[in-house]
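Scroll down for the structure; my scribbles are underneath it.
The values are calculated or read from the model by the stated rules, or taken from the named source; none is laboratory data. Quick caveat, the model's predicted, so the values are computed rather than measured. For neighbour counting, all protein chains shown are included, and Cβ atoms are generated from backbone atoms with ideal geometry for every residue, glycine included.
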Amino acid sequence: MKKIESGKFRDVKSICQQSEEYYNDEIDVLKEEILIRIEKLRTCGVEDEVIKALFDYKPQLSRLCITSDYRILLPDYDLEIKMPPLYKALYLLYLKHEEGIMFKYLVDYRDELLGIYNHITHFDDSERIEQSIDMLVNPMCNSVNEKCSRIRGAFVSCLNDDIVKNYYITGGRCESKRITLDRTLVSFE
């Protein structure tokens, strides 16, 4: 490994310090601009509650539409969330059960999940379809965790962090897993 000469190290260190100082100066300028604008709002008669609400930003959530051909759309973001049929079947099951389902009780929903999957999949092999569902609902397998992780990934790849948590399957250990999205935003064609 080649050693960095002391002069070059000082140059790199100096550049880093300058960069950090510039960044801190830029932040200070932005803070000052915000304070000036807040004071201008106050002099125009805007109440403090309204000003505070500006800093309590809540992102606007998109509607979630499930089309007749089982596409998952977020029309207000002009997005389609793509995932394989088995993942969609699991997602739709959780979407239909707002109260949530614990993974260990997923086996109780096997027939419903199988029905959803049969509508979505293009496989004709009923044995393969049933085997996939059996693996998914088996509490001794990790299949459901893997599928939920991939479902989460499908949403995370398209949406911001402050929004995405509303759309995928969440829940703590030993708790019911659920999709927290307000169901008034969900529609099925």
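Please enumerate the residues belonging to region 80-97 that are in a helix (DSSP H, G or I) and surrounded by fewer than 17 Cβ atoms within 10 Å (Cβ to Cβ).
K96
Tell me which residues, restricted to region 80-99, are in contact with a strand residue (DSSP E or B) (Cβ under 9 Å, 6 or more places away or on another chain), touching a residue at least 40 places away in the same chain (Cβ under 8 Å) and closer than 20 Å to C141 by Cβ.
Listed by number, the residues that qualify are M83, L90, Y91, Y94.
Given the criteria under 30 Å from H119 (Cα atoms) and touching a Phe, Trp or Tyr at 6+ places or on another chain (Cβ under 7 Å), does S62 qualify?
In short, yes.
If I ask for residues that are in a loop (DSSP other than H, G, I, E, B), touching a residue at least 60 places away in the same chain (Cβ under 8 Å) and surrounded by 14 or more Cβ atoms within 10 Å (Cβ to Cβ), which ones from region 45-79 would you list?
Passing the criteria: L61, S62, R63, Y77.
Please go through (1) outside any helix (DSSP H, G or I); (2) among the basic types (K, R); (3) surrounded by 14 or more Cβ atoms within 10 Å (Cβ to Cβ) for R110 and return the number of the only condition it doesn't satisfy.
Against the list (1) outside any helix (DSSP H, G or I); (2) among the basic types (K, R); (3) surrounded by 14 or more Cβ atoms within 10 Å (Cβ to Cβ), R110 comes up short only on (1).
Among the residues of region 158-175, write down those that are touching a strand residue (DSSP E or B) at 6+ places or on another chain (Cβ under 9 Å) and either closer than 22 Å to K82 by Cβ or not assigned by TED's automatic domain parsing to the domain that holds R71 (or both).
Residues satisfying the conditions are C158, L159, N166, Y167, Y168, I169, T170.
Of the residues G172, G153, which is over 17 Å from R63 (Cα atoms), in a loop (DSSP other than H, G, I, E, B) and of a type in the set (G, A, S)?
G172
List the number of the failed condition for P139; all other conditions in (1) exposed (fewer than 14 other Cβ atoms within 10 Å of the Cβ); (2) outside any loop (DSSP other than H, G, I, E, B) hold.
(2)
Does S132 satisfy the criteria of being in contact (Cβ under 8 Å) with a residue 40 or more places away in the chain and not in a helix (DSSP H, G or I)?
Here the answer is no, as S132 does not meet what is asked.
Among the residues of region 144-176, count how many are at negative phi and surrounded by fewer than 19 Cβ atoms within 10 Å (Cβ to Cβ).
Total meeting the criteria: 21.
Identify, from the list I129, I151, the residue that is modelled with pLDDT of 95 or more and either within 15 Å of P84 (Cβ to Cβ) or of a type outside the set (A, V, I, L, M) (or both).
I151
Going through region 98-107 one residue at a time, which ones are surrounded by 13 or more Cβ atoms within 10 Å (Cβ to Cβ) and over 23 Å from the mean Cα position of the chain (by Cα)?
V107 - this is the single residue of region 98-107 that is surrounded by 13 or more Cβ atoms within 10 Å (Cβ to Cβ) and over 23 Å from the mean Cα position of the chain (by Cα).
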